Amino acid sequence: MISIFKKLFSAKKAAFIVEEKDPMKKFLVVGLGNIGPKYANTRHNIGFKILDIYAEKNDLSWQTAKLGDVTTHKIKGRTIIFLKPSTFMNLSGKAIKYWMDKEKIPLEHLLVITDDLNLDFGTIRVKTKGSDGGHNGLKDTQNTLQTTQYNRFRFGISDAFSKGQQIDYVLGEWNEEESQKLPERLEISCKIIESFVLAGIKITMNTFNGK
């Protein structure tokens, strides 16, 4: 009887370990941005901003780790690993690849959040593939992962700048009108993350694109 009990216990323990390490239940959500206080409230850092708001809403604490700040959140049997790369925007792919490999995250469970000059302020586009659109963070991610087929959540910041002023614009802070509208857009952004993890990318696209 004792030997039977031991075998049963060992089997249950092994099953638990397999479940915990099951990559199908782990997701990597990456917000792109630049580190340092001077970039904190800039348009280019909307990826960081969205993750910070999600962490605040769910009482999550950030830890400084290799190539970025990370935190984790469990929701309905799934584990979300959040990453804010510390590599600066132009080397985002290095941090993404490292954490994908470290945590054994399949490509379809990666979501990269970034700003987009080609969309009006606050406009949302969730896609499963696409070009880098001139975005250096996406360009490095594409080059490092050697594919354009990864999930991305693009947050519109508009192109309301004069010729030659693009860098100042994306690295500039939100204006008064944008700041007033931002909280509602951030709330929707947090819902997009959970929808991606719980419902999948296709349902998330159908539900939120254009909102």
Open item on the list: Can you report the number of residues in segment 193-211 which are under 18 Å from ASP120 (Cα atoms) and in a helix (DSSP H, G or I)?
Closed with: 2
TODO: Restricting attention to strands (runs of 3 or more DSSP E) lying wholly within segment 21-107, give those where 1 or more residues are of a type outside the set (D, E, K, R), at pLDDT 95 or above and within 27 Å of ASP168 (Cβ to Cβ).
DONE: 26-31, 68-75, 78-85
Open item on the list: If the requirement is being in contact with a helix residue (DSSP H, G or I) (Cβ under 9 Å, 6 or more places away or on another chain) and within 27 Å of SER179 (Cβ to Cβ), which of these qualifies: LEU91, LEU107, LEU67, LEU60?
Closed with: LEU60
TODO: Tell me, yes or no, whether segment 134-149 has at least one residue that is assigned to a strand (DSSP E or B), buried (at least 17 other Cβ atoms within 10 Å of the Cβ), within 16 Å of the chain's Cα centre (by Cα) and of a type outside the set (Val, Ile, Thr).
DONE: no
- [ ] Of all residues in segment 152-175, count the ones that are under 30 Å from HIS109 (Cβ atoms), modelled with pLDDT of 95 or more and either among the charged types (D, E, K, R) or out of contact with any Phe, Trp or Tyr (no Cβ under 7 Å at 6 or more places or on another chain) (or both).
- [x] 4
Open item on the list: Based on this model, can you work out whether GLN165 counts as without any contact (Cβ under 8 Å) to a residue 40 or more places away in the chain, of a type in the set (S, T, N, Q) and either surrounded by 14 or more Cβ atoms within 10 Å (Cβ to Cβ) or over 22 Å from TYR39 (Cβ atoms) (or both)?
Closed with: no
Open item on the list: Give all pairs with beta carbons closer than 9 Å in which a residue from segment 117-134 that is under 20 Å from LEU107 (Cα atoms) meets a residue that is surrounded by fewer than 17 Cβ atoms within 10 Å (Cβ to Cβ) and of a type in the set (D, E, K, R); count only pairs at least 6 apart in sequence or on separate chains.
Closed with: THR128/GLU108; THR128/LYS202
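Every residue, every condition in (1) surrounded by fewer than 18 Cβ atoms within 10 Å (Cβ to Cβ); (2) within 17 Å of PHE196 (Cα to Cα); (3) among the aromatic types (Phe, Trp, Tyr), yes or no:
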| position | (1), (2), (3) |
| --- | --- |
| GLY31 | no, yes, no |
| PRO37 | yes, no, no |
| THR42 | no, no, no |
| LYS49 | no, no, no |
| LYS57 | yes, no, no |
| GLY68 | no, no, no |
| THR87 | no, no, no |
| ALA95 | no, no, no |
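The values are calculated or read from the model by the stated rules, or taken from the named source; none is laboratory data. Nothing here was measured: the structure is a model prediction, and the numbers come from that model. When we count neighbours, we look across all protein chains shown, and the Cβ atoms used for this are built from the backbone with ideal geometry, even at glycine.
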